[in-house]
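So the structure is just underneath, and the comments pick up after that.
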Amino acid sequence: MKTGLVLEGGAMRGLFTCGVLDVLLESGVSFDGMIGVSAGAAFGCNFKSWQNGRALRYNLAYAKDRRYCSLWSWLTTGNLFGAEFAYHTIADRLDIFDNEAFERNPMEFHLVATDVTTGQAFYKQVEHGGASLYEWLRASSSMPIVSKTVRIEDREFLDGGIADSIPLRYFQSLGYERNVVVLTQPIGYEKKPMPMMPFIRVMLRQYPNLTDAMARRHEMYNRQLRYVAEEAIKGLTLVICPDDVLPIGRISHDRQRMRQTYEIGRRVARKRLGEILGFLY
């Protein structure tokens with residue numbers, strides 16, 4: 001039975017996921033495949049490259065570097081998270097991503113991006129590291145309004161969470177029957193409609209299918225949460241999530257809150273490690 005790891009996004013809430021994954025790495029836990037959305041992909045790729053602590057490390061190091069994530073970056077480049085610095089310079093020169101380890105690890109790596117023309121999810125298995133991987137991570141993680149679209153293979157993409165926030169059903173369709181799902185919101189969370197939709201429809205009026213998907217996103221997300229809960233009752237899905245709302249916003253430069261969020265993930269993973277091992281093995 002193939003085992004899968006499903007990681008939702010949540011921007012800086014993804015540091016909770018990093019804490020969970022680092023405990024799993026340290027404990028020798030492995031999966032046949034993983035799929036990440038947005039921050040779940042951008043941070044989760046370090047699990048495949050066996051780079052414990054890397055995601056927390058570079059977020060702490062560059063939290064207040066205007067090239068990484070800043071109003072300056074948005075106003076001067078069109079991207080809140082610097083397209084070149086955040087996704088290429090750090091990985092290639094400053095906190096090097098181990099592309100060789102990524103490729104040696106037999107675990108499949110999948111991610112989700114949203115096609116801005118169709119407004120539908122686009123699923124990509126990435127087998128090789130380097131610039132192509134980094135651009136797919138950027139495509140999966142680029143939030144609307146504060147990011148330019150990412151063009152790859154004659155398509156344009158934005159944040160995968162718009163179209164498929166928790167891709168458990170998709171991973172099951174690939175034959176991953178036993179899945180660990182890591183969420184960044186506590187049990188009982190319910191997403192509300194986006195209050196800025198009129199403004200968003202104006203700003204992204206050239207992408208009507210995308211804005212329609214954004215307007216329905218809360219319905220899709222809440223439906224997916226119900227599906228995850230139903231699958232957990234059946235016994236082939238294990239959900240890992242924080243006990244309470246995390247102490248960090250989607251965009252934060254507060255290093256203390258970053259560490260705190262990461263440590264919460266580690267505590268939850270350590271507390272449930274026996275359960276995780278029993279579920280997988």
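Among Ile162, Ile187, which is out of contact with any Leu (no Cβ under 6 Å at 6 or more places or on another chain), closer than 17 Å to Gly14 by Cβ and either β-branched (Val, Ile, Thr) or without any contact (Cβ under 8 Å) to a residue 40 or more places away in the chain (or both)?
Only one candidate passes the filter, namely Ile162.
Residues of the range 189-216 being at pLDDT 95 or above and assigned to a loop (DSSP other than H, G, I, E, B), which ones?
Of everything in the range 189-216, those that are at pLDDT 95 or above and assigned to a loop (DSSP other than H, G, I, E, B) turn out to be Tyr189, Glu190, Lys191, Lys192, Pro193, Leu204, Arg205, Gln206, Tyr207, Arg216.
Results for (1) touching a Phe, Trp or Tyr at 6+ places or on another chain (Cβ under 9 Å); (2) open to solvent by less than 30 Å² (accessible area, probe 1.4 Å); (3) free of Cβ contacts under 8 Å to residues at least 60 places away in the same chain, shown as yes or no for each residue.
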{"position": "Pro242", "(1), (2), (3)": "yes, yes, no"}
{"position": "Tyr262", "(1), (2), (3)": "yes, yes, no"}
{"position": "Gly265", "(1), (2), (3)": "yes, yes, no"}
{"position": "Gly274", "(1), (2), (3)": "no, no, yes"}
{"position": "Leu277", "(1), (2), (3)": "no, no, no"}
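Residue-by-condition table, conditions (1) surrounded by fewer than 16 Cβ atoms within 10 Å (Cβ to Cβ); (2) of a type in the set (D, E, K, R):
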| residue | (1), (2) |
| --- | --- |
| Lys191 | yes, yes |
| Met203 | yes, no |
| Glu231 | no, yes |
| Arg255 | yes, yes |
| Leu280 | no, no |
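Within the range 40-55, count every residue that is open to solvent by less than 10 Å² (accessible area, probe 1.4 Å) and under 19 Å from Thr114 (Cβ atoms).
Adding up the residues that qualify gives 4.
Looking only at residues that are in a strand (DSSP E or B) and of a type outside the set (A, V, I, L, M) in the range 15-64, which one is farthest from Ser132 (Cα to Cα)?
So the residue we want is Gly33.
The values are calculated or read from the model by the stated rules, or taken from the named source; none is laboratory data. As the structure is a prediction and not an experimental result, all values here were calculated from the model. All Cβ positions, glycine included, derive from the backbone under ideal geometry; neighbour counts span all protein chains shown. To get the accessible areas, we keep the full protein, side chains included, count just its heavy atoms, and leave off ligands, DNA and RNA. Shrake-Rupley method; radii C 1.70, N 1.55, O 1.52, S 1.80 Å.
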